[in-house]
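Since the structure comes first, as structure tokens, the remarks are kept for the end.
The values are calculated or read from the model by the stated rules, or taken from the named source; none is laboratory data. Given the structure is predicted, the values throughout are model-derived calculations rather than measurements. Please note that ligands, DNA and RNA were not included when accessible areas were found on the heavy atoms of the full protein model with its side chains. Shrake-Rupley method; radii C 1.70, N 1.55, O 1.52, S 1.80 Å.
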Amino acid sequence: MTTTNLENIISRGHYLIINKNETYLIHQISNKAILKLGRDVIDLKAAIGQPFSSTYKLEPIPEKKRHYTLVICNDNQARNQWSTNGCGTDNKLITDDSSSQLLSTDEIIALKESGESGQNIVERLLENSKTFQLKTEYAQEKYLKKKARKYCDYLTIFKPSIRLITDVLYKQQTLPKTIALRFDTLAQILCRVNLDPGGKYLLYENGSQGLLQAALLNQLHDNGSLVHIFSLTSEQNALRAVKAMNFSETKIKQMLTVSLDEILNTKNEENIPEEKDEEDVPNCSDDKKRKSDEAYTQIKKKHRPITSTDGLNFIKSNKFDGLIVVCREEPTEFVKTLLPYLSLSRPFVIYSAFREVLVSMYAEFKMRRDVVFLRLTDNFMRYHQVLPNRTHPDVTMDDGGGFLFSGLFVAGTK
């Protein structure tokens, strides 16, 4: 079997994108091949050796409650079909309360734990609903989709891609610990930096869980290079997206890591004597805080990138084709430091979730003579529902696209 075919086959140690009930999650298949999804335990051994994008039915294990194994099936089998037997003309006679469903919560849970299929559970709900036949056709369709998502016993395993990983991380955002980077914003960043597959790029990222690194590595060819500049305040799972892409060792080696403090030539040891002077005064609360901070730092170090000597030497001996800054902190000062590492007429892009940060940077950079074509934009995206007689923009939307500040670095005095 060729290498290309092996990449499209599920194997142990690989990361997967699992879709169940229109809910996506990133999962690494371990040696035990067990997935815990809520209160359900799913055995994934049947998926090993199967191609990606396959659909599986969850078959209950008789001797264990809420334990399932996988049985491969086709997409037609996964599509649930229920007969509606007519519909109403409007919903004005329907009262939205719990009395419309004759089955109690305990009875529904008992059906689920007894191993009843999702198809049969939804059929039982329809049979015992007083108001389903009174609903309009659109309301019935909406009701069936809601119940199918809740009691669906099918899942699909996809090969990780930048688009899927971006969507998963965006929905799992935990502000302010991580950056909510939407896929259209990511596309704008890659477009603004004028990404060349064989180019050399400088990236400062803090908070996107490695999404920028994964996106750049995915586009770079074998002759391309990426230098990732990290901060000592990087999040714990700084390379989650890079791991999820199942990159080869050769691809990973195209990314060099360097600490921002080393580039700025700052030394943490300079503050040590002052800390010792403060410790001469006994203070129990300060001592506890110091130990807590040290323990937290040790935890962070386990997940933090490590500075490579090659990365420092590479920065000193090369000029880069683009600069990308995506972070949670105020980036003005270290953007000024990193700009001289760019080749002339090369782009830079800065992302921030806060407009005020980039507005002040825009005003300051307008006074400089070594940057041109400055643009400050707000990304806006709105989903549209496209259905017969029901095409309209979504009523609810998320405005978390963030803001982009970009320009070109040219010759000239500051």
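Computed with a 1.4 Å probe on the full set of protein chains, the accessible area for Glu262 sits at about 80 Å².
If you rank Met367, Met255 by how much accessible surface each has, with a 1.4 Å probe, what is the order from largest down? Could the numbers behind the result be given before it?
Values: Met367 150, Met255 25 Å².
My answer, sorted largest first, is Met367, Met255.
Using Cα-only point scatterers and the Debye equation, what is log10 of I(q)/I(0) for region 126-248 at each q in 0.15 Å⁻¹, rounded to two decimals? Those come out to -0.76, one per q.
Quick check for you: with a 1.4 Å probe and neighbouring chains kept, what is the accessible area per residue of region 177-252, in Å²? Can you show the working numbers first?
Working: 2630 Å² over 76 residues.
Per-residue value: 35 Å².
Converting phi to 3J(HN,Hα) with the Karplus coefficients 6.51, -1.76 and 1.60 and the offset θ = phi - 60°, region 58-73 yields 7, 9, x, 8, x, 7, 10, 7, 6, 10, 9, 10, 9, 10, 5, 8 Hz in sequence order, with x at every glycine or proline.
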